[in-house]
Amino acid sequence: MMPELKGFNICNQLKANINTIDIPIIFLTAKNDTGDQAAGLELGAVDYITKPIDPAIVLARVKNHISLKAAQDFINDKNAFLEEIVRTRTAELTAIQDVTIQAMASMAETRDNETGHHIRRTQHYVKLLAINLRFHARFSHFLDNDEIIDSLFKSAPLHDIGKVGIPDNILLKPGRLTPNEFEIMKTHTTLGRDCIQRAEIDLGVEIPFLLIAKEIAYSHQEKWDGSGYPQGLTGENIPISARLMAVADVYDALICRRVYKEPKSHEEAKKIILEGKGIHFDADIVDAFLALENEFQLIAAKYSD
């Protein structure tokens with residue numbers, strides 16, 4: 001019942017300010033109407049004391065509320081501390097995961113030292129395609145998910161991990177492979193899948209990005225018309241992750257120098273991919289590639305060998 005600014009107004013202002021919102025408020029008043037008491041408590045007050053007062057009781061209630069506030073502050077601080085620990089541990093685990101993936105991918109890359117930044121470029125190509133297609137009717141059920149796109153980006157470097165099991169005389173051969181040698185080369189898809197699967201079994205838990213990594217490693221050499229390997233899958237039977245990887249992998253292989261060939265220009269690579277539309281590659285993913293060709297060239301330049 002103060003002049004000008006009322007107690008309810010002050011309570012409102014304190015509760016609206018982030019710096020004072022948690023301060024306990026006790027109403028001390030000559031008004032003993034239960035409606036006023038309810039109104040004060042609804043505004044956020046912790047207690048309502050009516051006059052005439054007993055000083056000892058008022059001090060005891062103030063002391064109780066200060067103790068409750070101290071306890072709440074302790075809990076809040078502890079929760080904030082625990083949340084910070086969780087954030088730190090999560091960041092550490094993510095960093096360890098990323099480093100492990102890069103280390104595993106580098107094992108395959110070092111076997112063929114002319115691939116350079118191939119794994120880095122292809123993972124960016126895959127992410128670019130996935131973002132472009134995330135709302136496409138045929139792909140949104142899978143790609144309209146930030147975690148899936150992040151998993152694709154993380155998993156892409158493992159697409160050729162199976163090459164660690166291919167003999168040097170085949171992997172580094174400068175000329176055309178014989179039919180028998182090509183059959184051995186084709187096993188890198190199965191070797192890669194099995195390598196990731198063993199790691200998954202050893203962990204004892206299912207990790208979503210490893211499922212995608214297995215799909216990519218095992219199926220990135222499949223072709224839309226069924227002429228690919230290792231299973232000869234056709235069309236929609238090929239995992240979306242592997243279809244994205246197929247375009248990214250072939251494009252990068254075409255524009256880069258290999259032990260058995262000279263690099264092609266972007267235009268030459270684009271022509272070959274366009275010729276494979278609906279035959280080697282998913283037609284909609286080829287369309288996405290064509291829409292993103294400038295971005296593909298920027299990635300290729302940024303991570304050039």
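The values are calculated or read from the model by the stated rules, or taken from the named source; none is laboratory data. Note that this is a predicted model, so its numbers are computed, not measured. For neighbour counting, all protein chains shown are included, and Cβ atoms are generated from backbone atoms with ideal geometry for every residue, glycine included.
So the values come out like this:
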read-out: Unique match (being buried (at least 16 other Cβ atoms within 10 Å of the Cβ) and over 23 Å from residue 174 (Cα atoms)) among 267, 215; value: 215
read-out: So residue 77, is it assigned to a helix (DSSP H, G or I), among the acidic types (Asp, Glu) and in contact with a helix residue (DSSP H, G or I) (Cβ under 8 Å, 6 or more places away or on another chain); value: no
read-out: Boolean, residue 300 is small (Gly, Ala, Ser), assigned to a helix (DSSP H, G or I), farther than 19 Å from residue 192 by Cα and under 24 Å from the mean Cα position of the chain (by Cα); value: yes
read-out: Every residue from the range 238-251 that is closer than 20 Å to residue 294 by Cα and surrounded by 22 or more Cβ atoms within 10 Å (Cβ to Cβ); value: 244, 245, 246, 247, 248, 249, 251
read-out: Output for the range 173-207, where each listed residue is outside any helix (DSSP H, G or I), modelled with pLDDT under 95 and surrounded by 12 or more Cβ atoms within 10 Å (Cβ to Cβ); value: 173, 177, 207
read-out: Test set (1) modelled with pLDDT of 90 or more; (2) surrounded by 13 or more Cβ atoms within 10 Å (Cβ to Cβ) - residue 146 fails condition number; value: (2)
read-out: Residue 228, sole failed condition from (1) surrounded by 22 or more Cβ atoms within 10 Å (Cβ to Cβ); (2) at pLDDT 95 or above; value: (1)
read-out: Matching residues in the range 25-48 - criterion: being more than 54 Å from the chain's Cα centre (by Cα) and either of a type outside the set (A, V, I, L, M) or surrounded by 15 or more Cβ atoms within 10 Å (Cβ to Cβ) (or both); value: 29, 31, 32, 33, 34
read-out: Residue match in the range 167-179 (condition: over 22 Å from residue 150 (Cα atoms) and in contact with a strand residue (DSSP E or B) (Cβ under 7 Å, 6 or more places away or on another chain)); value: no
read-out: Output for the range 54-80, where each listed residue is surrounded by 12 or more Cβ atoms within 10 Å (Cβ to Cβ) and not polar (S, T, N, Q); value: 58, 61, 62, 65, 68, 69
read-out: Residue match in the range 10-24 (condition: over 52 Å from the mean Cα position of the chain (by Cα) and in the same structural domain as residue 61 (by TED's automatic domain parsing)); value: no
read-out: Filter result (in contact with a Lys or Arg (Cβ under 7 Å, 6 or more places away or on another chain), in a helix (DSSP H, G or I) and touching a residue at least 24 places away in the same chain (Cβ under 8 Å)) within the range 214-268; value: 217, 218, 252, 255
